[in-house]
Amino acid sequence: MHMRLGCFGYIKDLDTIAKAGFDCAELHIKELMGFDEGEYRAARAKLRDCGIPAEVYDNPIPLDSRIADASFDLAFYRDYLEKACDRAAGMGARYIVFGNGRARSLPTEGDIEAARVKFDAFFIMLLEIAAARNITILIEPLGRKLSNIVNSLPEAVEFIKKYGRLNLKTFVDYRYMVELQRPLTDIADYELYIRHIHLDNPTTVFPERVVPRLDDGFDYAPFLEMLKKISYKEIISIEASVFRDYAEDIHSVIGFFAAHGITPYRAEL
């Protein structure tokens with residue numbers, strides 16, 4: 001079965017990701033925002049020339065920010081998001097992942113209601129700015145150590161329904177389904193809302209994330225079979241942060257998927 005296979009990386013990694021056989025790359029808003037205009041144009045050219053697209057971008061605001069804090073300036077971040085979404089759209093973005101566990105967590109004491117109102121104002125602003133660029137925001141169910149809101153697919157769907165915007169969907173980071181012992185039936189139950197997948201070896205201790213391997217002792221088959229069952233058509237992206245050798249490790253993932261009966265579309269080229 002063919003599925004669209006992607007891999008996390010940076011602009012410098014695009015040729016390596018393409019050479020390994022992936023259909024696409026997953027990039028980072030933070031990197032795009034660190035470029036001056038010349039560097040941004042060079043990044044667009046690098047993406048164009050590598051032969052694969054990058055349709056998914058991660059974390060629309062810095063990971064060390066916190067929306068509920070008094071220092072979080074909505075006017076400043078409106079300008080920030082306008083530029084971030086402009087740059088992502090210019091790179092061909094379809095989706096922006098909203099993980100940002102610390103940023104989105106709400107206080108448990110003090111003026112909790114004011115924090116919720118501020119969060120809603122920020123999130124509606126994000127959705128409107130993204131929609132103007134034809135970008136969908138993907139709210140990520142995270143482990144409870146990372147975020148105190150949206151920790152499962154059912155909670156993500158409640159979140160989506162609360163805002164009622166067509167450009168808000170969710171996705172699955174399999175690591176957190178395993179951590180929270182969520183049933184794989186969640187994927188079938190909420191498939192209409194799922195637009196993306198992150199996969200790594202879920203047994204490592206965060207933030208260490210390594211590529212899945214056939215010999216790592218974890219059984220990925222039930223998860224991958226569930227994706228086949230729902231005829232999953234979006235991207236499965238490998239999210240890893242620790243490598244023995246980046247090029248070799250990501251190339252090995254293509255063999256990992258092949259052993260589970262999944263091949264990238266580029267295998268036919």
| said: Can you tell me which of (1) open to solvent by less than 30 Å² (accessible area, probe 1.4 Å); (2) assigned to a helix (DSSP H, G or I); (3) not small (Gly, Ala, Ser) is the one residue 225 doesn't meet? | reply: (1)
| said: I'd like to check something: does region 222-240 contain any residue that is over 20 Å from residue 16 (Cβ atoms), more than 21 Å from the chain's Cα centre (by Cα) and among the hydrophobic types (A, V, I, L, M, F, W, C)? | reply: no
| message | If the requirement is being touching a residue at least 40 places away in the same chain (Cβ under 8 Å) and in a helix (DSSP H, G or I), which of these qualifies: 187, 236? | response | 187
| Looking at region 228-241, which of its residues are exposed (fewer than 12 other Cβ atoms within 10 Å of the Cβ) and of a type outside the set (D, E, K, R)? | 231
| note | Taking region 219-269 and keeping only residues that are aromatic (Phe, Trp, Tyr) and either touching a helix residue (DSSP H, G or I) at 6+ places or on another chain (Cβ under 9 Å) or over 23 Å from residue 13 (Cβ atoms) (or both), one is left with 220, 223, 232, 243, 246, 257
| field | residue 150 vs. criteria in contact with a Pro (Cβ under 8 Å, 6 or more places away or on another chain) and either touching a residue at least 40 places away in the same chain (Cβ under 8 Å) or small (Gly, Ala, Ser) (or both) | value | yes
| Taking the condition modelled with pLDDT under 95 and over 14 Å from the mean Cα position of the chain (by Cα), does residue 159 pass? | no
| field | Some residue of region 56-66 being open to solvent by 20 Å² or more (accessible area, probe 1.4 Å) and in contact with a Gly (Cβ under 9 Å, 6 or more places away or on another chain) | value | yes
| Is there any pair linking a residue in region 241-266 that is farther than 15 Å from residue 2 by Cβ to one that is among the aromatic types (Phe, Trp, Tyr) and in a strand (DSSP E or B), with Cβ under 6 Å and at least six apart or on different chains, and which? | none
| query | Within the bounds of region 170-183, is there any residue that is touching a Leu at 6+ places or on another chain (Cβ under 8 Å) and assigned to a loop (DSSP other than H, G, I, E, B)? | reply | yes
| query | Counting only residues that are open to solvent by 60 Å² or more (accessible area, probe 1.4 Å) and either β-branched (Val, Ile, Thr) or in a strand (DSSP E or B) (or both), how many does region 78-111 have? | reply | 1
| field | Subset of region 186-205 [open to solvent by 30 Å² or more (accessible area, probe 1.4 Å) and over 16 Å from the mean Cα position of the chain (by Cα)] | value | 188, 189, 190, 191, 192, 203, 205
| query | Of the residues in region 153-174, how many are free of Cβ contacts under 8 Å to residues at least 40 places away in the same chain, open to solvent by less than 30 Å² (accessible area, probe 1.4 Å) and among the charged types (D, E, K, R)? | reply | 0
| note | Counting only residues in region 125-150 that are part of a helix (DSSP H, G or I) and touching a Cys at 6+ places or on another chain (Cβ under 9 Å), the one surrounded by the fewest Cβ atoms within 10 Å (Cβ to Cβ) is identified as 129
| remark: Taking region 190-218 and keeping residues aromatic (Phe, Trp, Tyr) and not in a loop (DSSP other than H, G, I, E, B) leaves 193
| note | The residue that is nearest to the chain's Cα centre (by Cα), considering only those in region 91-132 that are on the phi > 0 side of the Ramachandran plot and in contact (Cβ under 8 Å) with a residue 40 or more places away in the chain, is 100
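The values are calculated or read from the model by the stated rules, or taken from the named source; none is laboratory data. Given the structure is predicted, the values throughout are model-derived calculations rather than measurements. In this analysis, Cβ positions are derived from the backbone assuming ideal geometry, glycine residues included, and neighbour counts consider all displayed protein chains. Areas reflect the complete protein model, heavy atoms only, side chains present, ligands, DNA and RNA absent. Shrake-Rupley method; radii C 1.70, N 1.55, O 1.52, S 1.80 Å.
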